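The values are calculated or read from the model by the stated rules, or taken from the named source; none is laboratory data. If you're wondering where the values come from, they're calculated on a predicted model, not measured in any experiment. Ideal geometry is used to build each Cβ from the backbone, glycine not excepted, and the neighbour counts take in all protein chains shown.
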Amino acid sequence: MRKAPVTPEIVGKTAARTILAARGHNPLVRKGATISAPMVDALLRRGIEAIWIADDVFPEFEAREVVRHETRELIRRSVQEIFRRVASTKGHRQAKESLEHRLADAVRKLVEEVSSNEDVVANIGRVRAWDNYTFEHSVQVATMSVVIGKRMLMTEDQLVRLGTGAILHDVGKVTVPQEILQKPGPLTSEEFEVIKTHARNGWDIVHQGFQNIMPTSSIVVLQHHERLDGSGYPQGLKGDDIYLFSKITAVADVLDAVRAERTYRANHRPADVLRIMLQDAGVKLDASAVQIALRHVALVSEGEIVRLTNGQVGMVTGLNAGEPLQPLVTVVGDDLDMPVPREELDLRGTELQIADILENWPPGLAQRV
Ligand SMILES: [Fe+2]
């Protein structure tokens, strides 16, 4: 299998993994199905950027997922339900308590999974639906935050509190009108002011509505847009006036946003993500959290077609913790896209890096190898 961006080019290919719909029961694409033009439209309408398809060059390859699909689903569902309940402003106490328990269970599972993998590289997929964006984003941000917290040697209890805050960080978005949240173009300054209210509104929601959520978790909701240099919101806090959990969540939040923006658009270069994050490290974002994130959150995922800095083409077939641009790549083509004997290169400790993520195999190469 390989990861392919959703474009008309994938029509006629075979789906290698099921893509669940945001809501409802019928998957958007079923494993084994031949992808049709209407399916591509449906995926694009939901903002799904990439899917897993069967690949002729690497038919046997199975990409690993660090956080199991079931855990991600569990978290996504609890978050979705919390958002829905708070949006409807109703919901009596018992219902809220059971929801809190479910959320706590989901976070504990996430912490367990991240903790059980000593050499964890958060291989976070880019498959996300737009009407589902906030939920997926919440799962990603929570996963990355826990990965960072674990590397800072936090206790399990601390990781659970950090993860809970990170999952809920954007809950205040329920108070922002959909037309602003989903506006395709740039926002006016008035609209941006409305977006900014989500931090304080979210904190109010968690603080008033959910008794069992610790203040050290809910503070993340209030502070995740604060920046070290005081340029953030809502309070314009500086440096150590910002709580550590909030600083970590801010790094995860920015990293996920930058990755999502860069992928399959603009210039596709993972090195740009690295550069953007490093620019803000120590200025706006906590430097050690950025360092850890860049070492332990992969900037490419398994199953992506990449071109190396020496021009060779191959697929990412493994990841190296600590080397976000230097994974294991099985090369199949040279710099002129002519086939070469298949070889898995470990880029760690070499001069080679990922130069580009490609949308497809170069023309003709797939037939020749
Ligand atoms: Fe936010």
Worksheet item: Does the range 166-177 include one or more residues that are over 22 Å from Thr143 (Cα atoms), charged (D, E, K, R) and not in a helix (DSSP H, G or I)?
Response: no
Practice prompt. Answer yes or no as to whether Val121 is at pLDDT 70 or above, surrounded by 18 or more Cβ atoms within 10 Å (Cβ to Cβ) and of a type in the set (A, V, I, L, M).
Written response: no
Fill in: Hey, Glu73 surrounded by fewer than 16 Cβ atoms within 10 Å (Cβ to Cβ), at pLDDT below 75 and either under 20 Å from the mean Cα position of the chain (by Cα) or assigned by TED's automatic domain parsing to the domain that holds Leu325 (or both) or not
yes
Practice prompt. Go through the residues of the range 182-197 one by one and say whether even a single one is within 20 Å of Phe83 (Cβ to Cβ), more than 13 Å from the ligand (Cβ to nearest atom) and either assigned to a loop (DSSP other than H, G, I, E, B) or among the acidic types (Asp, Glu) (or both).
Written response: yes
Worksheet item: Would you pick out the residues in the range 216-227 that are within 13 Å of the ligand (Cβ to nearest atom) and either assigned to a helix (DSSP H, G or I) or of a type in the set (A, V, I, L, M, F, W, C) (or both)?
Response: Val220, Val221, Leu222, Gln223
Worksheet item: For residues in the range 198-215 being closer than 25 Å to Ala289 by Cβ and among the β-branched types (Val, Ile, Thr), which is farthest from the ligand (Cβ to nearest atom)?
Response: Ile213
Fill in: the range 228-251: number of residues that are within 16 Å of the ligand (Cβ to nearest atom) and buried (at least 21 other Cβ atoms within 10 Å of the Cβ)
9
Item to complete: Return the residue satisfying two criteria in turn: it lies in the range 148-173 and is within 12 Å of the ligand (Cβ to nearest atom) and more than 18 Å from Asp105 (Cα to Cα), and of such residues it is farthest from the chain's Cα centre (by Cα).
Response: Gly172
Item to complete: Go through the range 146-162 and give me each residue that's closer than 22 Å to Ala287 by Cβ and not in a loop (DSSP other than H, G, I, E, B).
Response: Val146, Val147, Ile148, Gly149, Lys150, Arg151, Gln158, Leu159, Leu162
Worksheet entry | Matching residues, the range 300-316, being among the polar types (S, T, N, Q) and either under 12 Å from Arg2 (Cβ atoms) or touching a residue at least 60 places away in the same chain (Cβ under 8 Å) (or both) | Ser301
Practice prompt. Starting from residues that are touching a residue at least 24 places away in the same chain (Cβ under 8 Å) and under 13 Å from Val369 (Cβ atoms), keep the ones in the range 317-338 and report whichever is surrounded by the fewest Cβ atoms within 10 Å (Cβ to Cβ).
Written response: Met338
Item to complete: Restricting attention to the range 41-62, report how many residues are in contact with a Leu (Cβ under 8 Å, 6 or more places away or on another chain) and at pLDDT below 75.
Response: 2
Response to the item:
Apart from one, (1) of a type in the set (Val, Ile, Thr); (2) surrounded by 15 or more Cβ atoms within 10 Å (Cβ to Cβ); (3) assigned to a loop (DSSP other than H, G, I, E, B) all hold for Thr350; the odd one out is (2)
